[in-house]
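Working notes for the structure below.
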Amino acid sequence: MVKPEDVIKAITGSWLYLNVTSYFDNGTISHHEDAGLGKFPVGILTYNSNGWMSANFMSSRPEDRPPNIDVETQDVGTDAEWALIGKHTLSYAGPWNVSETTKEVEVGQITHGPIKVAWVPTWVGIGFKKNYTLYDDAKVMRFISKNQVGINGDMFFRRLDSGKDD
């Protein structure tokens, strides 16, 4: 039996989002494009050894990211431009834990939540369960999950090396 501490050690760190394939239960590719994040979002997951995590994703479409917005000056940008940024961002944080596994560190289930802080209030207090698999000496992580409308997602992430701009 592998202890959760071994899994936590393997997952702790930051992970760069690579891609997702969305599909229906029968295996048919859904070609689902997330309404807020678009077809090619960018994002990072971060897990620390104290049991806290954060997820930050945003659209990479230029039309979703007004170029002249600056947080140093609140009067820069219209309310509509700020709303556009919010509409095309996904961000949440909270505790995380893993299931005990009977075989190995590389395969199991991870839970994000209950979510403590989220970019939308309806996500505060909920949790997300994802099946994970680690590949390539824990340098690549795969999540398999189902979204709120029943579409399956097969997501891939790559571990970020400390301090390197990947």
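The values are calculated or read from the model by the stated rules, or taken from the named source; none is laboratory data. It should be emphasised that the depicted structure is a prediction, and the values quoted were computed from it without experimental measurement. Methodologically, a virtual Cβ is constructed for each residue, glycine included, from the backbone with ideal geometry; neighbour enumeration extends over all protein chains shown. The protein model used for the area step is the full one, side chains on, heavy atoms only, and it has no ligands, DNA or RNA in it. Shrake-Rupley method; radii C 1.70, N 1.55, O 1.52, S 1.80 Å.
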Exercise for the section: Name the single residue, out of those in the stretch 5-46 being in contact (Cβ under 8 Å) with a residue 12 or more places away in the chain and assigned to a helix (DSSP H, G or I), that is surrounded by the most Cβ atoms within 10 Å (Cβ to Cβ). Expected result: V7
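Can you pull out every residue in the stretch 106-126 that is within 17 Å of I8 (Cα to Cα), assigned to a strand (DSSP E or B) and within 15 Å of the chain's Cα centre (by Cα)? Spell out how you get there, then give the answer.
The first filter runs over the stretch 106-126 and keeps only residues within 17 Å of I8 (Cα to Cα), leaving 106-113.
Within this subset, residues satisfying the condition of being assigned to a strand (DSSP E or B) are 107-112.
Q109, I110, T111, H112 - these are the residues of the stretch 106-126 that are within 17 Å of I8 (Cα to Cα), assigned to a strand (DSSP E or B) and within 15 Å of the chain's Cα centre (by Cα).
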Exercise for the section: Scan the stretch 109-161 for residues that are among the hydroxyl-bearing types (S, T, Y) and free of Cβ contacts under 8 Å to residues at least 40 places away in the same chain and jot them down. Expected result: T111, T122, T133, Y135, S145
Completion exercise
Reported set for the stretch 72-99 where residues are open to solvent by less than 70 Å² (accessible area, probe 1.4 Å), among the β-branched types (V, I, T) and closer than 28 Å to F40 by Cβ is V76, I85, T89
Practice task
Please indicate, with yes or no, whether at least one residue in the stretch 63-79 is touching a residue at least 24 places away in the same chain (Cβ under 8 Å) and over 29 Å from D161 (Cβ atoms).
Solution key: no
Completion exercise
For the stretch 127-166, the count of residues that are out of contact with any Leu (no Cβ under 8 Å at 6 or more places or on another chain), open to solvent by less than 60 Å² (accessible area, probe 1.4 Å) and not in a strand (DSSP E or B) equals 5
